[in-house]
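Trainee: Take a look at the following structure, please.
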Amino acid sequence: MRTIGAVSLAWYRREAMASEPLESRIVSLRSPVALFAISTLVWGSTWLGIKFQLGVVSPDVSVAYRFALAAVLLGLWCGLTGRSLRFDRRAHAYIALQGALLFGFNYVGVYFAEIYATSGLVAVLFSTIVFMNPIGAHFLFGTPLTLRTLVAAALGVTGIALLFAPELMQARAGGDVARSIALGVGATAIASAGNLAAMRNQRAGMPVLTSTAWGMAYGALAAATIALAHGAAWTFDAQLPYVASLVYLALFGSVVAFASYLTLLAKVGPGPASYVGVATPVVAMIVSTLFEGYRWTVFGAFGVALAIAGNWFALKPARRAAAARAGG
């Protein structure tokens with residue numbers, strides 16, 4: 001598995017070099033790779049961090065705490081660095097849509113899903129966003145949807161089915177595992193919609209950091225609304241595991257990781273940047289193996305390999321396009 005991660009990073013380094021003029025490689029070679037590594041390593045570990053948020057505090061309340069704190073931290077950073085946080089009402093409406101989907105409803109679903117499944121399995125399921133995004137972008141923005149993309153999606157779904165084979169057999173009878181899979185798939189679809197909203201906002205010229213700060217605030221509000229709607233108790237766990245994981249998730253899992261990923265997206269485009277969604281589950285499965293006792297099977301390992309192959313296959317056109325831009 002670590003070999004797969006190393007191959008992913010090596011591929012990404014070649015991709016970044018191919019998309020840049022020769023004279024700028026010395027200056028910017030490390031930047032895209034660093035952003036890729038930060039996003040992957042942080043998000044790969046946050047799936048386990050979420051586990052420490054479950055128990056005393058309702059999941060939706062924890063999501064509200066996380067993104068409220070993240071919004072404050074990122075907002076303070078924007079203020080200290082002289083970035084304006086002012087947007088008009090129309091812009092706020094679109095930022096609220098992005099925030100509610102990407103930071104609110106999505107993460108509430110993820111937190112609830114992790115009650116019933118290991119963090120690594122939820123992370124692998126979430127990687128299907130790489131396939132949802134191109135389909136959504138095709139219908140909303142008219143971006144091409146190729147046969148290669150559909151084949152890659154089939155590889156990914158097959159791989160995930162193999163990985164989830166024991167859980168899927170249990171899900172036939174319903175119960176906790178079925179709920180986890182339903183929540184995971186639903187959260188992924190909502191996150192994909194949030195990504196599409198972010199694409200729209202970037203195309204409208206909204207600054208990444210300041211719009212993200214507001215988006216996180218709206219995401220916290222969305223999570224709080226869900227908590228109020230089903231009568232969740234507004235408690236707080238003062239124990240070190242909860243507090244430490246909350247700070248880690250807010251600062252690194254939200255501010256640092258999203259700032260890195262969205263900056264990476266602006267630098268290299270959606271194709272290479274989305275490869276973060278391939279490497280993150282690999283890191284998450286390694287972490288889950290070390291700390292949660294996840295036991296690998298032959299089918300599970302082959303399933304992960306297929307899922308990664310599907311992601312790589314889907315991104316090959318982006319690589320050729322980047323090379324064409326560099327040469328043209």
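The values are calculated or read from the model by the stated rules, or taken from the named source; none is laboratory data. Computed from a predicted structure; not experimentally measured. Quick reminder, even Gly has a Cβ in these numbers, built from the backbone with ideal geometry, and neighbours come from all protein chains shown.
Trainee: Looking at (1) assigned to a helix (DSSP H, G or I); (2) touching a residue at least 24 places away in the same chain (Cβ under 8 Å), find the lone condition where Ser84 falls short.
Mentor: Single failed check for Ser84: (1).
Trainee: Oh, and also: One residue is enough: does the stretch 85-92 have a residue meeting the conditions under 30 Å from Trp234 (Cα atoms) and of a type in the set (Asp, Glu)?
Mentor: No; the residues of the stretch 85-92 include none that is under 30 Å from Trp234 (Cα atoms) and of a type in the set (Asp, Glu).
Trainee: If you don't mind, there's one more thing I want to ask. Looking at Ala178, Ala224, Ala217, which is the one that is part of a helix (DSSP H, G or I) and either at pLDDT below 80 or among the acidic types (Asp, Glu) (or both)?
Mentor: Ala178
Trainee: Would you call Gly49 surrounded by fewer than 23 Cβ atoms within 10 Å (Cβ to Cβ), farther than 21 Å from Thr188 by Cα and not aromatic (Phe, Trp, Tyr)?
Mentor: On the way: surrounded by fewer than 23 Cβ atoms within 10 Å (Cβ to Cβ): yes; farther than 21 Å from Thr188 by Cα: no; not aromatic (Phe, Trp, Tyr): yes.
The answer is no for Gly49.
Trainee: Looking at (1) outside any helix (DSSP H, G or I); (2) at pLDDT below 50, which is the one condition that is false for Val57?
Mentor: Of everything listed in (1) outside any helix (DSSP H, G or I); (2) at pLDDT below 50, Val57 misses just condition (2).
Trainee: Based on what the data block shows, is Phe36 crowded, with 18+ Cβ neighbours inside 10 Å, in contact with a helix residue (DSSP H, G or I) (Cβ under 7 Å, 6 or more places away or on another chain) and under 20 Å from Ala250 (Cβ atoms)? Break it down stepwise before answering.
Mentor: Numbers: crowded, with 18+ Cβ neighbours inside 10 Å: yes; in contact with a helix residue (DSSP H, G or I) (Cβ under 7 Å, 6 or more places away or on another chain): yes; under 20 Å from Ala250 (Cβ atoms): no.
No.
Trainee: OK, next. Can you tell me which residue is surrounded by the most Cβ atoms within 10 Å (Cβ to Cβ) among those in the stretch 74-105 that are touching a Leu at 6+ places or on another chain (Cβ under 9 Å) and among the hydrophobic types (A, V, I, L, M, F, W, C)?
Mentor: Out of the qualifying residues, it is Leu74.
Trainee: Which of (1) crowded, with 16+ Cβ neighbours inside 10 Å; (2) among the small types (Gly, Ala, Ser); (3) in contact (Cβ under 8 Å) with a residue 40 or more places away in the chain; (4) assigned to a helix (DSSP H, G or I) does Ala154 not meet, given it meets every other one?
Mentor: Looking at each condition in turn, Ala154 falls short on (1).
Conditions tested, residue by residue: (1) within 20 Å of the chain's Cα centre (by Cα); (2) without any contact (Cβ under 8 Å) to a residue 60 or more places away in the chain; (3) surrounded by 15 or more Cβ atoms within 10 Å (Cβ to Cβ).
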position: Val130; (1), (2), (3): yes, no, yes
position: Pro144; (1), (2), (3): no, yes, no
position: Arg179; (1), (2), (3): no, no, yes
position: Gly186; (1), (2), (3): yes, no, yes
position: Ser192; (1), (2), (3): yes, no, yes
position: Trp214; (1), (2), (3): yes, no, yes
position: Ala217; (1), (2), (3): yes, no, yes
position: Ala229; (1), (2), (3): no, yes, no
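Trainee: Out of all the residues in the stretch 60-69, which are over 16 Å from the mean Cα position of the chain (by Cα) and buried (at least 24 other Cβ atoms within 10 Å of the Cβ)?
Mentor: If the condition is that a residue be over 16 Å from the mean Cα position of the chain (by Cα) and buried (at least 24 other Cβ atoms within 10 Å of the Cβ), then Asp60, Ser62, Ala64 are the ones that fit.
Trainee: Can you tell me which of Thr143, Thr210 is farther than 22 Å from Gly310 by Cβ and among the hydroxyl-bearing types (Ser, Thr, Tyr)? Explain how you work it out, then say what you get.
Mentor: On the way: Thr143 fails: farther than 22 Å from Gly310 by Cβ.
None of the other options fit; the residue is Thr210.
Trainee: Regarding Ile50, is this residue under 15 Å from the mean Cα position of the chain (by Cα) and modelled with pLDDT of 90 or more?
Mentor: Taking the combined requirement at face value, the residue does not satisfy it.
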